[in-house]
Amino acid sequence: MSALIDLACPECDQVYDADQIQTICEGCDSPLWARYDLERLASELDRERISRRPKGVWRWHELLPVRDPAYRITLGEGDTSLISAPRIAEELGLKSLFVKDEGPNPTGTFKARGMAVALSRAVELGLREFVIPTAGNAGGALAIYASRAGLETHVFMPVDAPTVNQIEVRMSGADLRLVDGLIDLAGRQATTEAQANGWFNMTTFKEPYRVEGKKTMGFELAEAFGWDLPEVIIYPTGGGTGLVGMWKSFDELETLGWIDGRRPRLISVQAKGCAPIVKALETEADRVAPWENPTTIAHGIRTPGAYADRLILKAVRESGGLGVTVTDEQIRVAQTDLAQQEGIMACLEGAATLAGLRRIVANGWINSDDRVVLFNTGTGLKDLS
Ligand SMILES: *Cc1c(COP(=O)(O)O)cnc(C)c1O
Ligand SMILES: [Zn+2]
């Protein structure tokens, strides 16, 4: 059973009823945080019990928002492999390098985790019709989970989004709207249509639960490392859902007493042609300014702004991490190297993390005995269309 208590605004601490439909904090436009009764769970639940449960994100159900198991929608998301990358580690002079490989998720990316949880909770709260603006993969994931649950979905996608994403949305029977612009225009159109038609907007962080699904990556990482987190996590950052979700998961695990206070340094990787978060980190800005004319071959991180900018900047800074940019050329080389040297078919976004690692190793920022985890957020097969 879920130990969800309420939702709170991380900016002003305003509390919201989690059993009503909620979006963002009205006062500060901030995403809302799900809070759980961790004190009670600390005495009732032990981590070994969770480790023995059947695989998938739902084995963490006490720490997820869905109350009635009947509402869980699942296609086998989560519990992806942590794969060692010994040859590239040696090349870089590192003792241990791992790839958390999200490619085997339904629809081939980690977007499945967030959608499985957010859609399940939305249906539990009585919602039936959904809209999402997407660079591609979030739309594909929402479309397939919605069809699994027999729900209507409307997907707004840039007209130049990868063909594979357009096909997967159509194949799932969702209503695909191609937008003559970028993800920000798709977002504005989706918002207008949502208001006009009473559809629920599943944009990340504009509803509170996609981040809850993605935080399971942090739980899995802690478990895989024997509850002793690695020193460095490198993450290809678009909306920042995974980064913020993992940071939240570590707080929850520490409150439960399952890990100590040591935290990985979070490295946010963005493309040189679209690096609003890296720029804000480097200039010590409080907010992320929208990036003009974003360009990169890695569509999943071609995100000109981030709605949860304050949360992303806070997580990276608290962790002692930093931002790093990589060129499209460096991403391509890294993608080939992962396939040829380690047998890992990474997506371009995932490959960007290796390109980023190479840059920070060259700057002397990584210790040779740091345990480093690269997030491969999807399968390279999605790049072949
Ligand atoms: C959406 C996406 C990202 C960015 O994820 P965030 O958690 O929103 O930053 C990275 N890689 C791929 C493949 C994606 O689809
Ligand atoms: Zn607030």
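The values are calculated or read from the model by the stated rules, or taken from the named source; none is laboratory data. Fair warning: this is a prediction, and the values are worked out from it, not measured in the lab. Every residue, glycine among them, receives a Cβ derived from its backbone with ideal geometry; neighbour counts consider all protein chains shown. Only protein heavy atoms, including side chains, enter the accessible area calculation; ligands, DNA and RNA are left aside. Shrake-Rupley method; radii C 1.70, N 1.55, O 1.52, S 1.80 Å.
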Checked against (1) buried (at least 16 other Cβ atoms within 10 Å of the Cβ); (2) hydrophobic (A, V, I, L, M, F, W, C); (3) under 22 Å from Trp258 (Cα atoms); (4) more than 16 Å from ligand 2 (Cβ to nearest atom), Trp33 satisfies every condition except (4)
Can you name the residue in region 137-161 that is at pLDDT 95 or above and under 17 Å from Glu349 (Cα atoms) and, of all such residues, is nearest to ligand 2 (Cβ to nearest atom)? Ala138
Take region 133-174 and flag every residue that is of a type in the set (Asp, Glu) and open to solvent by 40 Å² or more (accessible area, probe 1.4 Å). Glu152, Asp160
Can you name the residue in region 97-114 that is among the small types (Gly, Ala, Ser) and part of a helix (DSSP H, G or I) and, of all such residues, is nearest to Ser147 (Cα to Cα)? Ala112
May I ask you to list the residues in region 304-328 that are in a loop (DSSP other than H, G, I, E, B), under 19 Å from Pro294 (Cβ atoms) and either open to solvent by less than 40 Å² (accessible area, probe 1.4 Å) or among the acidic types (Asp, Glu) (or both)? Pro304, Gly305, Ala306, Ala308
So which of Arg40, Arg59 is out of contact with any helix residue (DSSP H, G or I) (no Cβ under 9 Å at 6 or more places or on another chain) and away from ligand 2 (no atom under 16 Å from the Cβ)? Arg40
Which pairs have Cβ atoms under 7 Å, sit 6 or more apart or on different chains, and link a residue in region 212-225 that is among the acidic types (Asp, Glu) to one that is within 16 Å of ligand 2 (Cβ to nearest atom) and open to solvent by less than 10 Å² (accessible area, probe 1.4 Å)? Glu212/Ala34
Close pairs (6 angstrom Cβ cut-off, 6 or more residues apart or separate chains): farther than 11 Å from Ala116 by Cα and more than 8 Å from ligand 1 (Cβ to nearest atom) in region 134-147, open to solvent by 10 Å² or more (accessible area, probe 1.4 Å) and among the acidic types (Asp, Glu) anywhere: Gly140/Glu168
What residue, among those in region 257-282 that are open to solvent by less than 10 Å² (accessible area, probe 1.4 Å) and part of a helix (DSSP H, G or I), is nearest to Leu97 (Cα to Cα)? Val278
Residues of region 206-251 satisfying the condition of being within 13 Å of ligand 1 (Cβ to nearest atom), outside any helix (DSSP H, G or I) and not hydroxyl-bearing (Ser, Thr, Tyr): Lys206, Lys215, Ile233, Ile234, Pro236, Gly238, Gly239, Gly240
Tell me, yes or no, whether region 77-99 has at least one residue that is within 16 Å of ligand 1 (Cβ to nearest atom) and among the hydroxyl-bearing types (Ser, Thr, Tyr). yes
Cβ contacts < 9 Å: first residue touching a residue at least 12 places away in the same chain (Cβ under 8 Å), restricted to region 300-317; second residue part of a helix (DSSP H, G or I) and among the acidic types (Asp, Glu), any location; separation 6+ or different chain. Result? Gly300/Glu349; Ile301/Glu349; Thr303/Asp184; Pro304/Asp184; Gly305/Asp184
Can you tell me which residue within region 66-96, out of those that are part of a strand (DSSP E or B) and among the hydroxyl-bearing types (Ser, Thr, Tyr), is surrounded by the fewest Cβ atoms within 10 Å (Cβ to Cβ)? Ser84
Hey, can you tell me all the residues within region 148-174 that are within 22 Å of the chain's Cα centre (by Cα), more than 23 Å from Ala298 (Cα to Cα) and assigned to a strand (DSSP E or B)? Thr153, His154
Mind counting the residues in region 201-235 that are within 22 Å of Lys95 (Cα to Cα), surrounded by fewer than 22 Cβ atoms within 10 Å (Cβ to Cβ) and touching a Ser or Thr at 6+ places or on another chain (Cβ under 7 Å)? 1
Hey, any hits in region 40-50 for a residue that's more than 24 Å from Arg287 (Cα to Cα) and either within 16 Å of ligand 1 (Cβ to nearest atom) or of a type in the set (Val, Ile, Thr) (or both)? yes
